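Beneath this line is the structure, given in structure tokens, with notes to follow.
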Amino acid sequence: MKSLFIRAEWDDEAEVWVATSDDVPGLVAEADTAEALLAKLRVLIPELLEANGYPNDGEVPFELFSRRFDIAHRQVA
């Protein structure tokens, strides 16, 4: 099985990471930290693939691409 592509973006308003994927139908997950999100994804991805009738190949490789926008301020001398 090819590696699945998962997107995670920081939601400033809710203060959580939100993951979605075109490769995993129905995937929407959120967590307070990137580590907690990874733990959820390790459970949810195989469950959703099974629910959508994908063959069970054992391991399910995935790539998590995370994006968070922020602002840095330069110090005034």
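No value in this document is a laboratory result; all are computed from the given coordinates. Computed from a prediction, not measured in an experiment: that's the story for all the values here. Here the Cβ positions follow ideal geometry from the backbone for every residue, glycine too, while neighbour counts run over all protein chains shown.
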Packing-based exposure ordering (other Cβ within 10 Å, fewest first) of R42, R74, R7 = R74, R42, R7
State the label only: which of [x] 1.35; [y] 1.44; [z] 1.88 corresponds to Cα Rg over 2.2 N^0.38 Å computed from the shown model?
-> [x]
Candidates E59, E30, E50, ranked by Gaussian network fluctuation over the chain, Cα under 10 Å, top entry | E59
Computed [θ] at 222 nm, deg cm²/dmol, the chain (DSSP H ≥ 4; -39,500 (n - 2.57); rounded to nearest 500) = -8000 deg cm²/dmol
With N56 itself left out, Lys, Arg at +1 and Asp, Glu at -1 over residues whose Cβ is under 14 Å from its Cβ give -4
Local electrostatic count at R7 - Lys and Arg +1, Asp and Glu -1, tallied over other residues with Cβ under 15 Å = -3
Taking Cα pairs closer than 8 Å and at least 6 residues apart, the relative contact order of the chain in percent is 37 percent
Cα-based helix-to-principal-axis angle, 34-51 vs the chain, degrees rounded to 10 | 30 degrees
Please report S3, S21 as a ranked list, fewest other C-beta atoms within 10 angstrom at the top and most at the bottom.
-> S3, S21
Antiparallel DSSP beta bridges within the chain, percent to nearest 5 = 60 percent
